[in-house]
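Encoded as structure tokens, the structure appears first; notes follow it.
All of the numbers you see were taken from the coordinates with simple rules; none came from a lab. Since the structure is predicted, the reported quantities are computational estimates derived from the model, not experimental observations. Cβ placement follows ideal geometry from the backbone for every residue including glycine, while neighbour counts extend to all protein chains displayed.
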Amino acid sequence: MTSMLSEHDLIERETWRYAVKRFDTTRQISPNHWNALEQVLVLSPSSYGLQPYHFLVIKDQALRAQLTTASYGQPQIAECSLLVVFTICKNLDRAHVERFIARTALIRKIPVESLARYRAVMIGDLIDGPRHAWIDEWSARQAYLALGNLLTSAATLGVDACPMEGFDPVQYDEILGLSPRGLSAVVVCALGYRSEDDPHAQEEKVRFSAADLIEHR
């Protein structure tokens, strides 16, 4: 397959991207763009392919007003076109693995029994193994993979974004009714289009050099 995005275009998009502090409330993400970005979330990679997360797309302004308070008053929560709350499946259990195994057998049209070894590896590692002691942290790492995928894909489409950890997870869980569903908020991403009044849009991107960050052996 021929790439539709040149190396130059890729770097240009990543240079253009920044964590937007003020959004233009008059501009909304088109349904076509958002449908594509939702598919990006679905298609994001995760360890074992288990997808131990759930995404909430918040459009309701009254709900966003409550979340703004729980986000220390940061304006992006209310101003953005769409707000995505990344949640994890708390205390990942055997039932989640079984659901994924059943889904794999269905999509690939293979017997469930043929996946017995794969199931045993996942359960031995994540459910019965020592990694289960920090399974919520493991799940959060998978959610962050999806976040990174969303940020890059949004920039490719010319959609601005702001990943945010500056919020009270306990309040988010309460406002969104997450705990009874076995979910917990770990990170938020506001998406839309930058405001002309956002002074950060003109700032030079500050990064360490490639020589500082990348080592070839």
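Tabulated data for the structure shown
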| item | result |
| --- | --- |
| GNM top mover of 143, 65, 185 - the chain, alpha-carbon springs below 10 Å | 65 |
| Over region 11-95: Rg over Rh, Cα atoms, Kirkwood Rh | 1.01 |
| Those trypsin sites (Lys or Arg not before Pro) in region 1-54 that DSSP places in a loop and that have at most 16 other beta carbons within 10 Å | 27 |
| Gap separating the Cα centres of region 110-156 and region 33-82, nearest whole Å | 20 Å |
| Diffusion coefficient, µm² s⁻¹, Stokes-Einstein with Kirkwood Rh over alpha-carbon pairs of the chain at 10 °C and 1.306 mPa s | 82 µm²/s |
| Overall dimensions of region 83-209 by Cα: Rg and Dmax, Å | 18.9, 59 |
